[in-house]
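Structure, as structure tokens:
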Amino acid sequence: MNLIIAMGALGFTNAVNAKDEYPLHMAAANDDIQLIKHILSQKTLIDARDETGSTALMVATRANNIHAAHM
């Protein structure tokens, strides 16, 4: 499991990796609905942007992860 995803699962939802990706970005990229629900239940930055300026919604949309995008 990716470390940043594990951090999100453990409640560190605002931790970032070297690319400024948050756990929500990674969960959206992987279409991990259960993890997205968990992260959203925490105090997380839902509009946080990675180094490319993308939000988690943008990441999910680009990856064609429809379920993640609807979360």
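The values are calculated or read from the model by the stated rules, or taken from the named source; none is laboratory data. What you are looking at is a predicted structure, and each value in this text was computed from that prediction instead of being measured. Glycine also receives a Cβ, built like all others from the backbone with ideal geometry; neighbour counts cover every protein chain displayed.
Kindly provide the set of residues from segment 53-64 that are of a type in the set (S, T, N, Q) and farther than 14 Å from M26 by Cβ, ordered by number.
So in segment 53-64, the residues of a type in the set (S, T, N, Q) come out as 54-55, 61, 64.
Of everything in segment 53-64, those that are of a type in the set (S, T, N, Q) and farther than 14 Å from M26 by Cβ turn out to be T61, N64.
Might you check whether a residue that is of a type in the set (D, E, K, R), modelled with pLDDT of 95 or more and out of contact with any helix residue (DSSP H, G or I) (no Cβ under 8 Å at 6 or more places or on another chain) occurs anywhere in segment 51-69? First the steps, then the outcome.
Here is the first cut: in segment 51-69, the ones of a type in the set (D, E, K, R) are 51, 62.
From what's left, modelled with pLDDT of 95 or more: 51, 62.
Next, only the ones that are out of contact with any helix residue (DSSP H, G or I) (no Cβ under 8 Å at 6 or more places or on another chain) stay: 51, 62.
Yes, there is a match, as at least one residue in segment 51-69 is of a type in the set (D, E, K, R), modelled with pLDDT of 95 or more and out of contact with any helix residue (DSSP H, G or I) (no Cβ under 8 Å at 6 or more places or on another chain).
Looking at segment 43-71, which of its residues are outside any loop (DSSP other than H, G, I, E, B) and farther than 15 Å from N2 by Cβ? Reasoning before the result, please.
Residues of segment 43-71 that are outside any loop (DSSP other than H, G, I, E, B), as a first pass: 56-62, 66-70.
Hits for segment 43-71 are L57, M58, A60, T61, R62, I66, H67, A68, A69, H70.
Under 7 Å by Cβ, and 6 or more places apart or on different chains, what pairs join a residue from segment 4-33 that is of a type in the set (K, R) with one that is at pLDDT 95 or above?
Listed pairs, sorted by first residue: K19/D50; K19/E51.
Out of segment 2-42, which residues are charged (D, E, K, R) and either in a helix (DSSP H, G or I) or crowded, with 16+ Cβ neighbours inside 10 Å (or both)? Let's see the steps before the verdict.
Keep residues of segment 2-42 that are charged (D, E, K, R), which gives 19-21, 31-32, 37.
Within segment 2-42, E21, D31, D32, K37 qualify.
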